[in-house]
Amino acid sequence: HAPARAVGKTARKDVVLPGNYFIPEGTRMAIAIDATHQNPAVYERPEVFDPDRFLPENENKRSPFAWIPFSYGARGCIGRQFALQEAKVGLAVFLRQFKFSAVDSAAVSYDPKNPFTSPTNLWMKITRVTKLPEPSKGELSARSHPDLTEGGVPASTILPNSTPISPVTILYGSNSGTSSDYAGTIAAKARKLGIQDVVLAPLDDYFPKLADRVKVVNPLADANTRVKHILLVVTSTYNGTPPDNAALFNKWIADPETAKAQPLAGCDFAVFGCGNKQWRTYQMFPTKVDAALEALGGRRFVKAGAGDANVDIDGDFNDFLHSLYEGVVLTFGGATVAGVTEAPHDLLDGFALRTVLPSEPDWMAARETNTFNSTILVNRELQNYDKSKRSTRHLEITVNVPYLPGDHLEVYPQNDPDLVEAVAQGFGLALDATFIPTTVDLDTIASTRSIAASLTPGTPTTLRHVLTHRADLMGPPTRNVVLLFAKRLDAARDTSAAEALRYLVGPGSKQEFDAFIKKHRTLLDLMAAFPQVTEVGLDEFLCAVYALMPRRYSIASSPRAHQKSATLAVGVVEWMDPATSKVYFGACSGFFKRVGGEKEYRIEASVKSCKDSFRPPVDATTPLIMVCAGTGLSPFMGFLQDRQAMGFKAPTSETHLFFGCRNDDDFIYKSELEQFQADSVISGLHLAFSRKQGQPKKYVQHLLIDQAVLLWTLMNDRGGRVYVCGAAGGMAKDVRKALERVATMIGGIEAEKAGEWLESRYIEDVWG
């Protein structure tokens, strides 16, 4: 029974609800909470008191909006968690000492005129409880606790609080640093649980020692002790392949001899995978690791966690962390879950700095810092911007190392000087402040993705340099930033706002945090929403704000044509918030557009190899089929330049490009592609226009169906290979479906086997 019987909501835009109910913008609606909470399709036997309905595993099976006593969104109750806790404590106190029974339950009714669920004629007989159960003797059984695994690994005995927790090994596979950050967070919290023996290392560095390591067990372990050693793995995946520092580990777990040896016998494990649901290969490698660890003799400790970077990967990790430590506590006793996972942490853990005075030699040394290694030689517009109102930049950037077609260029963007000044001014920070990091302990630091973690101990730098080149000022505020604001709001005596922010980053508030971030998209937005926060410490700022990560782009040139420079085609991310009319730019694409008028602009960039996962065929007679839309054309420009330089031409070399764009205004590299076709480098140039006046809307997947016979012949009969580059969430999925349709409709392959047929002929390089 909710406190209120109904809540009012207004549709902010046209929406179609489940069941095909159309709700026009501006419609006022009354949500009948009582009816929602007593829907037997959602809650079996809703009139029965059953607290198990709210176990985490049961809550996850239903919509978060199936239980709405405090409402949601901007009008949601900010004191919800406090009210729930207060109610639980109150019930526990009363029921421990008194027994309640209704005098006449049939007479109880509700006042229909009262907007709140207030019963009438509710009289209770209260008697004091005199006989209490005897305290349990010996060890408690864990059978009453929920099983934390999906597969049903039996819960173990809860050991006394004094029992040492087993050694823990935490391994990670990471390219961008997210997985290593999460692994470090687990390691720090493991130590807070009282675990003394904790190892943290990359998968490739440590797996040769793993078999010997898991032999190090709980010092009190015996034949009846279930968990002797804990192995935790945090890893990402890249187009289905392992991260750079997990390639050798991948070979090890796939080796049949490894499985025969059962190196993880007696070891409990858990896996958390980082990824993006837009990718077809989402969680592919983490899932493989999870299955392999079991096959190697390990026992799954808790259900594998999955983080989705397309939504809120930090929130997903926090949920996994809570379940993970709940599993540890239920197994071993000791610290409480709340004490470990929910207690506020010190942002300054593992980091310290020293201020440099103007009179010191390091003052000038800090201003001589130069990490630039590349120059933008050309930066021009590719689209007809006046008509398309969209921008794509063509860039030619010097490189100092060799590259191959299919490789990428990583570029560190630079923040707008006006943005840098606004952030510094808003927080009371002097841009000329000079400092030296004296302690950067990655094992204990609040986040290894923070600016503080990216700094080199002993190297002097200035705040201006850090804010310009190393601070992610345009990304969404992190949970640590929100906690820092809460701390400063407390200091400003705005405790209600501070408490609301703390609730947002607490367990069970993932949806509320997501909604908050959509409204406060950047650090400046957060500063504008809470003008009471006018000052933060330099060290706090460095520990709370994430470091700026390089952006990776496909190289759109061949070294045979451009030996000392790499070409990029970068679509400028530009979005206007309809509610505020504020325009947001992508950190790197916006930077490229901003410096478009500068000559020979210096930047920091580096070549990243695709490691032969996206290389064009070396045999001139192997048909090449390229499918893309927009800037997905980038790697294929490199392919075509390379084939032209090697003399790969029709009819000996069959090369087809399926390219999609809106219309001629955003048809990038049109003249170059037409010239490739005139020179017989391209056998077939197949174009799909989705917004061209006088033509039906068409996408690249439609072109593939149109050319189904040609594709079947090239792929099945002549060994041709299909390369796809573009957005993972839309185009890439549709292209794969279309090619599977080609296999079934033209090749007669069964639908269930079409994917298997395509796998050896299909290569993709996609982004979110």
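The values are calculated or read from the model by the stated rules, or taken from the named source; none is laboratory data. Fair warning: this is a prediction, and the values are worked out from it, not measured in the lab. Note: ideal-geometry Cβ built from the backbone for every residue, glycine included; neighbour counts use all protein chains shown. Quick note on the areas: whole protein, heavy atoms, side chains included, nothing else; ligands and nucleic acids left out. Shrake-Rupley method; radii C 1.70, N 1.55, O 1.52, S 1.80 Å.
Each stretch of four or more DSSP H residues adds -39500 (n - 2.57); spread over every residue of the chain, this sum gives -9000 deg cm²/dmol at 222 nm.
Taking R0 as 56 Å, what FRET efficiency do you get between Glu368 and Asp50 from their Cβ-Cβ distance, rounded to the nearest 0.05? The pair Glu368/Asp50 has a calculated efficiency of 0.25.
Looking at the chain, what % of the alpha carbon pairs are farther apart than 54 Å? Of the Cα pairs, 18 percent sit more than 54 Å apart.
Using only the alpha carbons of the stretch 547-632, what is the convex hull's orientation-averaged projected area in square nanometres?
Details: hull surface 36.1 nm².
Its Cα hull, projected and averaged over all orientations, spans 9.0 nm².
Taking 0.36 nm per residue of separation and subtracting the Cα-Cα distance, full extension of the segment from Thr27 to Asn716 would add 242.5 nm. Rounded to the nearest 20 debye, the dipole magnitude of the chain is 1320 debye, with +1 charges on Lys and Arg beta carbons, -1 on Asp and Glu beta carbons, and the Cα centre as origin. Amide H contacts of Cys267: Arg299, each under 5 Å away and 5 or more positions distant or on a separate chain (H built 1.01 Å from N in the peptide plane; Pro and chain starts excluded). Highest mean packing comes first when the peptides 201-210, 663-672 are listed by Cβ atoms within 10 Å, giving 201-210, 663-672. Taken about its Cα centre, the stretch 520-570 carries a charge dipole of about 660 debye when Lys and Arg each add +1 at the Cβ and Asp and Glu each add -1 at the Cβ. Site pair Val618 and Arg12 shows an inter-label distance of 5.5 nm when each label is modelled 7 Å from Cα along Cα→Cβ. If you take the Cα centroid of the stretch 238-285 and the Cα centroid of the stretch 94-134, the two points sit 55 Å apart. Short to long, the 10 Å bins of the Cα pair-distance histogram for the stretch 82-125 hold 24, 33, 40, 3 percent of all pairs. Simple rule: put +1 on each Lys or Arg Cβ and -1 on each Asp or Glu Cβ in the chain, find the dipole, and look at Asn39, Thr237, Phe54; the Cα lying farthest toward the positive end is Asn39.
In this simple spin-label model, placing a label point 7 Å from the Cα along the Cα-to-Cβ direction at both Lys260 and Ser606 gives a separation of 4.1 nm.
Protection proxy ranking for 638-649, 503-514, using the average of other Cβ atoms within 10 Å per residue and placing the highest first: 638-649, 503-514. Every pair of different Cα atoms in the stretch 586-714 enters the Kirkwood calculation, which places the hydrodynamic radius at 16.7 Å. What the stretch 693-768 shows is 50 Å² of accessible area per residue, with the surface traced by a 1.4 Å probe over protein heavy atoms. In straight-distance terms, cross-link reach from Lys125 covers every one of the lysines whose alpha-carbon lies under 23 Å from its own, apart from those fewer than eight places away in the same chain; here that gives Lys88, Lys99. Packing-based ranking of 7-14, 89-96, 753-760, 471-478 yields 471-478, 753-760, 7-14, 89-96, ordered from highest to lowest mean Cβ neighbour count within 10 Å.
Can you tell me the accessible area per residue over the stretch 423-560, all protein chains present, probe 1.4 angstrom, in square angstrom? Can you show the working numbers first?
Values: 5380 Å² over 138 residues.
That works out to 39 Å² per residue.
Report the extension gain between Asp432 and Gln563 in nm, rounded to one decimal, defined as 0.36 nm multiplied by the number of residues separating them, less their alpha carbon distance.
Details: separation 131, 0.36 × 131 = 47.16 nm, distance 3.98 nm.
So the extension gain works out to 43.2 nm.
Cross-linked pairs Lys13/Lys389; Lys215/Lys277; Lys192/Lys260; Lys13/Lys593: Cα-Cα separations exceed 28 Å for Lys215/Lys277; Lys192/Lys260; Lys13/Lys593. In the chain, a dipole from Cβ-located charges (positive for Lys and Arg, negative for Asp and Glu) runs towards its positive end, and of Ala645, Ser565, Asn716 it is Asn716 whose Cα lies farthest in that direction.
Measure off, as a whole percent, the carbon and sulfur share of the 1.4 Å-probe accessible area of the chain, all protein chains present. Present the calculation step by step, with values, prior to reporting the outcome.
Numbers: 20540 of 38490 Å².
Carbon-and-sulfur percentage of accessible area, whole number: 53.
A crude spin-label estimate for the pair Gln97 and Arg62, with each label 7 Å from Cα along the Cβ direction, gives 3.4 nm.
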